[in-house]
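Enquirer: Take a look at the following structure, please.
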Ligand SMILES: [Cu+2]
């Protein structure tokens, strides 16, 4: 499980965009988005750097938390 701080998420569209961006790189990835906290949890085989890249490509500012 990886935890990321993501800035700029505001609605269901953002949730879908981020989920699909990560799952495009790992179909089996599990993505949980907490809009209120600005956090994204990802369970996947992807290295954190690749998750960050996928989310950043959607236009969000992202950093790994831990
Ligand atoms: Cu949105």
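Enquirer: Filter the stretch 8-20 down to the residues that are under 8 Å from the mean Cα position of the chain (by Cα) and either away from the ligand (no atom under 13 Å from the Cβ) or touching a residue at least 40 places away in the same chain (Cβ under 8 Å) (or both) and list them by number.
Expert: Of the stretch 8-20, the ones under 8 Å from the mean Cα position of the chain (by Cα) are 18-19.
The one that is under 8 Å from the mean Cα position of the chain (by Cα) and either away from the ligand (no atom under 13 Å from the Cβ) or touching a residue at least 40 places away in the same chain (Cβ under 8 Å) (or both): 18.
Enquirer: Condition first: assigned to a strand (DSSP E or B) and in contact with a helix residue (DSSP H, G or I) (Cβ under 7 Å, 6 or more places away or on another chain). Now tell me which residues in the stretch 5-20 satisfy that.
Expert: In the first step, residues of the stretch 5-20 are kept if they are assigned to a strand (DSSP E or B); the result is 5-7.
Hit for the stretch 5-20 is 6, nothing else.
Enquirer: Also, I was wondering about something else. Which residue is surrounded by the fewest Cβ atoms within 10 Å (Cβ to Cβ), if the candidates are limited to the stretch 21-43 and must be in contact (Cβ under 8 Å) with a residue 24 or more places away in the chain and not in a strand (DSSP E or B)? Before the answer, list the steps.
Expert: Residues of the stretch 21-43 that are in contact (Cβ under 8 Å) with a residue 24 or more places away in the chain, as a first pass: 21-22, 24-25, 33, 35, 38-43.
Restricting the remaining residues to those that are not in a strand (DSSP E or B) gives 21-22, 24-25, 35, 38.
Details: 21: 19, 22: 23, 24: 11, 25: 14, 35: 14, 38: 17.
Filtering first and then ranking leaves 24.
We did not get these values from a lab; they are worked out from the coordinates using the rules stated. From a predicted model like this one, the values you see are computed outputs, not experimental measurements. Positions of Cβ are backbone-derived with ideal geometry, glycine not excepted, and every protein chain shown enters the neighbour counts.
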